[in-house]
Every structure is written in C-alpha cells, then in structure tokens.
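Participant: So that we are looking at the same thing, I have put the structure below in structure tokens.
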Amino acid sequence: MEGDNKGLNRREFLKKSLGAAGLLAILGTPAVPLLSQRKASASAPHSASGNKKAHAWCMVIDMKKCDGCTGLGVPPQCTQACIMGHYAPEGMKWIEVYEQKLPGGGRFFQPTPCYQCENAPCVNVCPVAATYHNEDGIVLIDHHRCIGCRFCMAACPYQRRFFNWGTPKLPPEAALAEYSPLYPVPAIKGTVIKCMFCAHFLRDGKLPYCVAACPRKVLYMGDFNEDLASNGAEVVKLSKFLDENNAYRYKEALGTQPRVWYLPGHGQEFGREAEDPRELKPTVWPWADGSYERRRGVWPWKESDIWTWEARPK
Amino acid sequence: MKARAVEGFNQRLERTVFSPLTHTTKGYYAFVLLLMAIVAWGLYAYVTQLRYGLSMTGMRNVVMWGLYLVNFVFFIGISHAGTLISAILRVTHAGWRTPVTRMAELITVVALMVGALMPLIDLGHPERVWYLIAYGRFQSPLMWDIVSITSYLTGSLIYLYLPLIPDIALMRDRLGRTSSAIKRKLYTFLALGWRNTPEQRHRLEKAIGIMALTIIPIAISVHTVVSFVFSMTLRPGWDSTVFGIYFVIGAIFSGIASILIVMAIFRKFYHLEEYLTEKHFRYLGYLMLTTLLIYLYLTFGEYLTVGYKLEVEEKHLLELLMLGGNAAWFWLFVVTSLIIPFLLIVIRRGPTIPRMVTAAVLINVGMWIKRFVIVIPSLQVPLMPFDFGAYTPTWVEWSITAGAFAAFILIFALFAKLMPLISIWEVAEEAEKRAPSVAEVAERTEVGLPLIKRR
Ligand code: SF4
Ligand code: SF4
Ligand code: SF4
C-alpha cells in the first residue's frame, strides 16, 4: 500500500506544501474513518488516479486570517488565481468570497469553493451521471457527457455551479489546454462547470491555485486518510486543527456533508477589525468582452444587443 | 317508431360530426396559415438559440430555469384534462361523458407532445439527448419524468385510438367516395378491419375498460414526478412534501378548464350544439369547482405551514411572492384562477356556457401564472449571502412559448380535419340506451351527481 504510486503522490504533495521533515512522524496516525461514509459514486468514468488507495480530500478555511484581501487593497486573490488558472469564463467565481454579518455588528469574509459534498445533491440528480464523485471524494463533471439540463444547479444548495450560457470568450492560450474533468479547460458551451478542487494538481501532489495564491495562507488542503492539512506554509494535523478551532461546515443541517470546514473569524490574525469598512475589490476577467450580460436582438442583420442585469454579489 | 327516431338521430349525428371532415372553409385555411407562421417564428427563435446558446435567454446562473420549465409544467398539467378525466368518467359510467371524451383525450396527447418538447428546448446540449437512454440513471427524478411521460403518451395514444376504431371504420364506409385516395387508404388501414360484429365490440369495450383503468395511475404518476423535479431539491418553496398531490390537483384543475374551452370552441364552429349541451358545461363546471376548492385548500396549507414558521429562506420567498417583486403575479393568480372562477360557478346568474367558459379561460391564464410563481421565485431567493436573482424572459423565450401554444392549437386543428371530434358510436350507443325521447342528448342525460351516478 505504501509502495504504490499514491504513496508517491502523497509524499510529493507534502514535500511541496512544506518541504518536510517532521511530517513522517505524523504519517502513521490513524485516518479519520471518513472514507467509509463516502457515498459510492454513481458511475465514475474518470478518476483522479488508477489507484485503489484513495485520498479523502478536504479543505479547511481559517477565517481568522481572511480579510478578503481588503488589507492589501487587491481583489480576493484566491478567486483571482482560480480565474486566471482555469481561464474561467466571465462572471464565474468558482471560489467566491462572500461577506457575512457578525453577531456583534461587524462583517467577516467567507471564501466559498464547491464544497465537494459527500451526500451531494448535484450528483444525486444528474440524469446521465455527468457529475460524479471520483474515488478521492471530489465531485467532478464530465463536460462531454453533460446534457446541460441544469438540474444539478437547481439542486446545489450553495449555488456553487455555473453554466456556460454561450460560447465563452476566452484567451487564445485556453485553447492549448488539454481538457479533462480534472481540469475543465477550455470551458464548453452548454455545460455546467464549477470548482473541482484542482484535482489535476492534487493528483500531481501540488496545491490548488487558490490555496497557493492566498497571501494570508487562509486555505488549507487536507486529506483525512493522512490526517494532515497544509496551506503551503505549514502542515497541521487535520483532526486536531478542526477540533481545537471550532470548525464548522456551512449549513450543516442540510445533510449534504460538505468537505469544506470553516474556522470562524474575521481576519483578526492580520489585524482586521470586525467593523473595518474596507470593501472587497472586484475580480477581473482580462479576456472578458461583456458577452455574459448580452443577448442578441431579434433581427439577425442588426447588431441589436440587449443588455440585462443579473444579481451580482454586493 | 322508436327505432326510426334513433335512426334519424344517428344520421343527423353522423352528418354534423362528419361535415368538418368533408368541408373546409376559407377561414380555416387562414387560421392554419396564421398558426403555421407563429410556429415558424418560434422555430426561428429556437435556431437562434441553438446558434448562440442559451445565452439568448433571460436565464443566468442564479435563475437557471425559466419560461421553458414553466411551460413544461403547464402543458403537462393540461394533459391531465384528458385521459384522466375521461377515464374517471368512463370508469364511473357517467353517461353524459360520451361527447366530451374524444376531445379530452386529444388534449392529453397534444399537450403531452408539446409539453415534453419544452425540457428538450431547455437543454444546453440537445444533440446529446440520447445520453438519457445510453447513460440514464434512475436515481435522477428527471429519468422518472421521462419514463412516466413516455408511458403516459403511449397509453394516451392507445386510449385515444381504441375508441376511434369504430368511427374510423364508419368514415371508411361513409366517406369512401368523397375523400381522396390517401385519406381512404389511411382510414382503411387505421380501421383494422372493423366490421362492428358483436364479438369485436365486446373485445373493444374490454380493451377500453382496461386502458381506462391503467391510465389513471399513470396519469397521477406523471404529474407527481414532474413535481418531484422541484421537490427533490433543497430550495425554499420546492422542498415540500405536498408537491406531488398539489401538482396533480392543479393539473386536473387546469385540465378540466382546458376541456371546457376546447368544447366551447368546437361547439360553436362545428355546430355541435345538439351534443354538447349546457348540461355538459354545468357538470364540468361542478367538477372544476371541486378541484378549485381542493386546490385552494392545498395552496392555503402550503403557504400557511411555511409562513407560520418563517424559516429564513422561506421567509424571503414569501416576501418575494406576496409583497415583493412577484406579488403582482401571485395575487393575479389568486384572483384570476381562484376567486373569480369560484364566483362565476357559484353565482348562477346569466347563461351557463359563457359563464363557464370565462371561468375556464381565467383559470388557465391564472394557472400558467401559478406555474411561473412556483418555478421562478424559488430560484430568485439567494441561498448564499447575495442579492435576489433577476429574471426577465427574452424575445427568444417568448417566441418559443408562442410557437408552442400555436403548435398545440395547430395539431388540434389538423386533427379535427382528419378524425371526428365526437365519438359517434359511443354517443349513438348512449342515445339508444336512453331511447324513450330521442330529441336531445341533453334531455336524456339524467340530472344527478355525475361521478356517483351509475347506469
Ligand atoms: S457544493 Fe453544490 S456543487 Fe459542490 S458538491 Fe455540494 S451540491 Fe455539488
Ligand atoms: S446539467 Fe449536466 S451535470 Fe448537471 S445534471 Fe444536467 S447533465 Fe448532469
Ligand atoms: S480548488 Fe482550484 S478550482 Fe477550486 S476554487 Fe480553488 S483554484 Fe478554483
């Protein structure tokens, strides 16, 4: 079990995320029996790897450190890195930083990727198994299978899914990318798309774009089978980290069993006050041409574009 | 004396019912052309949508379903007109049903065909629709829909066809000389060698009886699973256990209203006054009132139970629905499809038929709106901390919707030129049974509670 490829990947992942040594001591710790609860995927035509021993990926988001990048005066860097790394079509924030209210009146910022729910409503309702769990617990979409019914979007209680309404406007280099459900680039018209935990990076033992890019080191990628998590600067023992920091999952009561844990906070570790008035900076899609908000007019011979408004996060 | 009277009645019946099959007015051609133009416009809109993708619609990531799904629920709802109602009336031996059933069954078939198209138009990748068969998963409520709608369509086609056989045979015999060769061949083929022998009759009655019984659970399942597409999600307003029966009752409600409208139209243009009498409208009006009251009850229960607890997202939805952006639509639904029709049916003043038809038209308009306020506002409610979603249908969606309604009417109009819209043999049989006074079918149908009444 230790000698197979997976072991290598794991070691690589850990090496890259920390560079090393003390880790080996922790490696032997018993894994949280989370994997046993994992729902069997409906059908998994693709998988992160061919190995039998699977990971149980998860993300821990330490909001004590997250100030929404307001302190730096830049757009949320996780969102921006994800957009740049995946050539995400205009308007899509696969990881979006939401502003939430604190009980005492202030605000905090909540980065929100796809939660890769274990009991994923989106996977349950897909009529053609285009969206599925791979054996590492990640919810993937096969864009060559998706029929574009958007039932999964209706079912996701976190609105973490996006649709390619038209042919997305992308930079030319996007066309060079080799599509796979692990790295769905370039985006395909008429299909649903979302965060997939950068499964192609995890496979190669690297950290996702958003985790690597976060200047505050808020995001931790974890593996329940190893009981470790890393934000690229430190490695923590996952179970202890969750237990000692009041970890919670968003809308736990829904029973979706997200794989993303939050540690409550409002960026205090970087000196952000709850009442800090600085707003989130808007992210940019350098290749955007505004087509997301545009519809063509009635007459084919006239460029009579109609612009509409859609709810955008404040 | 009696025998001769029955014969006279039968001849008149045949003449009236067949006349639209043999004579076509200019107005009819003009009407069909108009409908075709609207359908063509809808097709143009669809081609545009295929070209530029669903970005042509008003749907976006927050409100990701729109008019197409509204139409889907509406048409599938209307389809319950038919078979379910005529099957129930047949099973309960309500004699007055005979002139109504054919139209009701036809509504079912046509509405199903048009309605089932809607989710296909809504697909981002329509060319992959066969994946539903190749890779279909039965865990998905969408697959339940597909299975139950196709079985309902098949069942309804059979159920429409079986009672048609004797009439087709009649057309083969009577219209043989006057109609074109193609039509003649068609009738001969479809009549399946019907000779009206007692044995054939017996078998047909049996087959129809079996179909009538099977179609009822299928019809109920159809609208139940249509509702499951919504109620299997964790959305405010949709996440409800009552949705199955709520949708079924709503479907029967709008279904009856549709029959009334169709009856009134054909009664006027095809001079069927003798067979579709005031009594039929009154009886159907009572059925409509019954379903209206049940629907009112369910609506009340649905909103009271969530309104009492005011769970956050439900609260947003109720505000949106009753006070906010969708309030106009919601209250319009309440007024047009519940309050006014109730008054129109209960206050029996003025001529029955216009009263019932007005009620029926209002109900269908209101029920379309109701489907809109079921589908859209639930999607507008933000599940994450941001603003309400917005949705304004675009010209593409409106054009396709108009095309769908035109197609519905068009198929109806064409069918009316090919097949008799009234089941001649059943009406004649009913007439024979009640032969004492042959003057009018109306006089023969006994007054009484239609559903409990037995022969
Ligand atoms: S967050 Fe939404 S899209 Fe992601 S796994 Fe859960 S239900 Fe599916
Ligand atoms: S839109 Fe695609 S992924 Fe979503 S349910 Fe439909 S087929 Fe499945
Ligand atoms: S894990 Fe990857 S896909 Fe998901 S939000 Fe982060 S960068 Fe985007």
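Participant: At 1.4 Å probe size, put B:VAL47, B:VAL70, A:VAL74 in order of accessible surface, largest to smallest.
Facilitator: Descending accessible area places them as B:VAL47, A:VAL74, B:VAL70.
Participant: Counting only the heavy atoms of the protein chains, how much of A:CYS195 is accessible to a 1.4 Å probe, in Å² to the nearest 10?
Facilitator: Only protein atoms counted, so the area is about 20 Å².
Participant: At a probe radius of 1.4 Å, what is the per-residue accessible area of A:PHE270, in Å² to the nearest 10?
Facilitator: 90 Å²
Participant: Let me ask another. Just the accessible area per residue of the protein assembly as shown, please: how many Å² with a 1.4 Å probe?
Facilitator: It amounts to 40 Å² per residue over the protein assembly as shown.
Participant: Take the alpha carbon atoms of region A:106-136, find their center, do the same for region B:97-165, and report the distance between the two centers in whole angstrom.
Facilitator: 32 Å
Participant: Let me ask something additional. In whole percent, and with a 1.4 Å probe on the protein chains, what portion of the accessible area of chain B is carbon and sulfur?
Facilitator: Of the solvent-accessible surface of chain B, carbon and sulfur hold 71 percent.
Participant: Additional query: Using the structure shown, list the pairs from A:LYS101/A:LYS240; A:LYS217/A:LYS240; A:LYS169/A:LYS189; A:LYS251/B:LYS315; B:LYS279/B:LYS433 with a Cα-Cα distance above 21 Å, or answer none.
Facilitator: Going by Cα-Cα distance, A:LYS101/A:LYS240 fall outside the 21 Å limit.
Participant: So how much accessible area does B:MET103 have, in Å² to the nearest 10, using a 1.4 Å probe?
Facilitator: 0 Å²
Participant: Then there is this: For the protein assembly as shown, what is the mean residue ellipticity at 222 nm derived from helices alone (per DSSP H run of n ≥ 4: -39500 (n - 2.57); sum divided by total residues; nearest 500 deg cm²/dmol)?
Facilitator: It comes out at -16000 deg cm²/dmol, rounded to the nearest 500.
Participant: Output wanted: per-residue J couplings in Hz (rounded whole) for region A:163-173, from phi through Karplus 6.51 cos²θ - 1.76 cosθ + 1.60, θ = phi - 60°, x for Gly and Pro.
Facilitator: The phi angles translate into 10, 7, 5, x, 5, x, 7, 10, x, x, 5 Hz.
Participant: With Cβ to Cβ distances under 11 Å as the rule, what net charge do the other residues near B:VAL70 carry (K, R +1; D, E -1)?
Facilitator: That works out to 0.
Participant: Another question, if that's okay. Could you please put B:LEU132, B:LEU344, A:LEU176, A:LEU238 in sequence from largest to smallest accessible area, using a 1.4 Å probe?
Facilitator: Result of the area sort, largest leading: A:LEU176, B:LEU344, B:LEU132, A:LEU238.
Participant: Still on this structure, please answer the following. Note down the net charge around B:ARG267, summing +1 for each Lys or Arg and -1 for each Asp or Glu among other residues with Cβ under 12 Å from its Cβ.
Facilitator: So the surrounding residues net to -2.
Participant: Still on this structure, I have one more. Tell me, what ³J(HN,Hα) does each residue in region A:271-285 have, in order and in whole Hz, if you take phi through Karplus 6.51 cos²θ - 1.76 cosθ + 1.60 with θ = phi - 60° and put x for Gly and Pro?
Facilitator: Karplus-based 3J(HN,Hα) across region A:271-285 equals x, 7, 7, 4, 8, 3, x, 4, 8, 5, 8, x, 7, 10, 10 Hz.
Participant: Then there's this: For B:ALA402 and A:LYS240, what is the calculated FRET efficiency with R₀ set at 56 Å and r taken between the beta-carbons, to the nearest 0.05?
Facilitator: Computed FRET efficiency for B:ALA402 and A:LYS240: 0.35.
Participant: While we're looking at this one, here's another question. In Å², rounded to the nearest 100, what is the total accessible surface buried by chains A and B against each other with a 1.4 Å probe?
Facilitator: Buried area (both sides, nearest 100 Å²): 4600 Å².
Participant: Quick check on region A:46-305: take the gyration tensor over C-alpha atoms, sort the square-rooted eigenvalues as a ≥ b ≥ c, and tell me if it's rounded (a/c under 1.5), prolate or oblate.
Facilitator: Oblate.
Participant: Ordering A:TRP261, B:TRP96, B:TRP331 from largest to smallest accessible area (1.4 angstrom probe), what's the sequence?
Facilitator: So the residues, ranked largest to smallest area, are B:TRP331, A:TRP261, B:TRP96.
Participant: How far apart, in nm, are two points set 7 Å out from the Cα along the Cα-to-Cβ line at B:PHE386 and at B:TYR308?
Facilitator: 3.6 nm
The values are calculated or read from the model by the stated rules, or taken from the named source; none is laboratory data. Keep in mind that what you see is a predicted model, and the values were worked out from it rather than measured. Virtual Cβ from ideal backbone geometry, glycine too; neighbours counted across all protein chains shown. With ligands, DNA and RNA removed, areas are computed over all heavy atoms of the protein, side chains included. Shrake-Rupley method; radii C 1.70, N 1.55, O 1.52, S 1.80 Å.
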